[in-house]
Amino acid sequence: MTQQNALVWEGGDVVAVRPAAVPESRPGWVAVDVAYAGICGSDLHIAAGEHVRAQPCTVLGHEFVGHLGEPHGDLPVGQPVFVNPTVPCSCCAACLAGRTNVCRDLTLVGIDYPGGIAPRTVVPGGGIYPLPSDVDLVAAALIEPVAVAVRAVRRSGLALGDRAHVIGGGPVGCLVGLLATAGGATVTMSEPSASRREYATDLGLRIEESSDDLGHGADIVFDASGHTSVAGELLSWLRAGGTAVIVGAYQPGFHGIDLLSVMFDETTIIGTRIYQHRDIEDAINLVYSGTLDAHRLISKIYPLGEAVTAIDSLRRGAEMKVLIEPGRAQDTSQP
């Protein structure tokens, strides 16, 4: 069996770049040669042994773009593509209603199947989105998290002139803030990490330390943190009759939200999970057109051979968004 180097979660909190089998094409799936892959919070959860589905020896990476490694329909070998990594069952009630993002048996490339932090992987053919031949693949590597942010803002019902507050200044939180700003909202953000506050400020987002600074509160609050400590304070950022949007993935279990306050204030709480086809199409257009400058969020591009260093850097909070270039084994830019 042919092997290639890949970023592999070995179990526990151990990740390594080591040889792994090159996935083989099969009916309905197509080979993609990966150009750039992002590392996100879900990857860090897997790398810490905290993901409920991931199994040891998983090749990481569900945010990636590249080129077709074989023909797919009318698309030739070498066609630039974005990959939707989700694999819905296509037969449950949610899927039949067109809500594949909330499929009860949803699986993902990079969690349940070998991911994209490797030179080549195989993906479901239905997840292939052709990109223009002149696309900037570095920027395009952020299409997946941009699609998450697009859906969050769309689900919120945000309107021109709204006041929006984002809790959590990671990549998705910042993208939500930028898109909400573009949608005509006045946007603030809260984030405990000094380095992330600096990143957010550089992006033009205003930091607020306390919900008291918002007066009567925001019309919409986006919780992009996924952290239990935030759940208890979530409603304090909202005005009466406001909307809370849960963007970040919490660990399984119950988290402290005052339901009496939800009832008294007629608060609307909305969940948003990944994306649907329309969100991906909009994300592609935002990135390709340059309307959203994805480069502003990318801290560094690491060669595959330094992917473990990239994971460690993210664990320390030293970077905003990092990409891995699987076709580059080592950093050749240094003497």
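The values are calculated or read from the model by the stated rules, or taken from the named source; none is laboratory data. On a predicted model such as this, the values are computed, not experimentally measured, just so you know. Cβ sites come from the backbone with ideal geometry, for glycine too, and all protein chains shown count toward neighbours. Please note that ligands, DNA and RNA were not included when accessible areas were found on the heavy atoms of the full protein model with its side chains. Shrake-Rupley method; radii C 1.70, N 1.55, O 1.52, S 1.80 Å.
Brief remarks follow.
- Among the criteria (1) in contact (Cβ under 8 Å) with a residue 24 or more places away in the chain; (2) open to solvent by less than 60 Å² (accessible area, probe 1.4 Å); (3) out of contact with any His (no Cβ under 6 Å at 6 or more places or on another chain); (4) hydroxyl-bearing (Ser, Thr, Tyr), the one THR188 does not fulfil is (3).
- Every residue from segment 132-173 that is assigned to a loop (DSSP other than H, G, I, E, B), surrounded by fewer than 24 Cβ atoms within 10 Å (Cβ to Cβ) and within 19 Å of the chain's Cα centre (by Cα): ASP136
- Residue within segment 105-124 that is assigned to a helix (DSSP H, G or I) and of a type outside the set (D, E, K, R) present: no
- Hey, ASP223 open to solvent by less than 10 Å² (accessible area, probe 1.4 Å), farther than 29 Å from ILE301 by Cβ and either in contact (Cβ under 8 Å) with a residue 40 or more places away in the chain or not charged (D, E, K, R) (or both) or not: yes
- In segment 102-127, the residues that are farther than 30 Å from THR2 by Cα and either surrounded by fewer than 19 Cβ atoms within 10 Å (Cβ to Cβ) or in contact with a Gly (Cβ under 6 Å, 6 or more places away or on another chain) (or both): VAL102, ARG104, ASP105
- Enumeration of residues in segment 191-220 that are surrounded by fewer than 17 Cβ atoms within 10 Å (Cβ to Cβ), outside any helix (DSSP H, G or I) and among the aliphatic types (A, V, I, L, M): ILE207
- As for segment 248-263, it holds at least one residue that is closer than 23 Å to ARG296 by Cβ, in contact (Cβ under 8 Å) with a residue 12 or more places away in the chain and not polar (S, T, N, Q).
- So THR272, is it among the β-branched types (Val, Ile, Thr) and in contact (Cβ under 8 Å) with a residue 40 or more places away in the chain: yes
- When the strands (runs of 3 or more DSSP E) confined to segment 1-101 are screened for residues that are over 18 Å from the mean Cα position of the chain (by Cα) and more than 22 Å from GLU144 (Cβ to Cβ), those reaching at least 2 such residues are found at 3-11, 14-21.
- Candidate set from segment 253-311 (those that are open to solvent by 30 Å² or more (accessible area, probe 1.4 Å) and polar (S, T, N, Q)); member that is nearest to ALA224 (Cα to Cα): THR268
- Taken over segment 253-280, the criterion of being within 15 Å of LEU234 (Cβ to Cβ) and assigned to a loop (DSSP other than H, G, I, E, B) is satisfied by PHE254, HIS255, GLY256, ILE257, ASP258, ASP265, THR267, THR272.
- Segment 312-324: number of residues that are part of a helix (DSSP H, G or I) and open to solvent by 50 Å² or more (accessible area, probe 1.4 Å): 2
- Checking each residue of segment 254-274 against the condition of being within 19 Å of LEU60 (Cα to Cα) and either more than 17 Å from the chain's Cα centre (by Cα) or modelled with pLDDT under 95 (or both) gives no match.
- Qualifying residue in segment 234-252 (condition: of a type in the set (A, V, I, L, M, F, W, C), open to solvent by 70 Å² or more (accessible area, probe 1.4 Å) and not in a strand (DSSP E or B)): yes
- Flag if SER229 is at pLDDT below 90 and not in a loop (DSSP other than H, G, I, E, B): yes
- Residue selected from segment 1-53 under the condition closer than 27 Å to PRO171 by Cβ and among the acidic types (Asp, Glu), by the criterion least open to solvent (accessible area, probe 1.4 Å): ASP43
- Of all the numbered requirements in (1) open to solvent by 30 Å² or more (accessible area, probe 1.4 Å); (2) more than 19 Å from ALA329 (Cα to Cα), CYS92 misses one, and that requirement is (1).
- The listed residue being in contact with an Asp or Glu (Cβ under 7 Å, 6 or more places away or on another chain) and either touching a residue at least 60 places away in the same chain (Cβ under 8 Å) or of a type in the set (Asp, Glu) (or both), out of GLY28, GLY66, GLY49: GLY66
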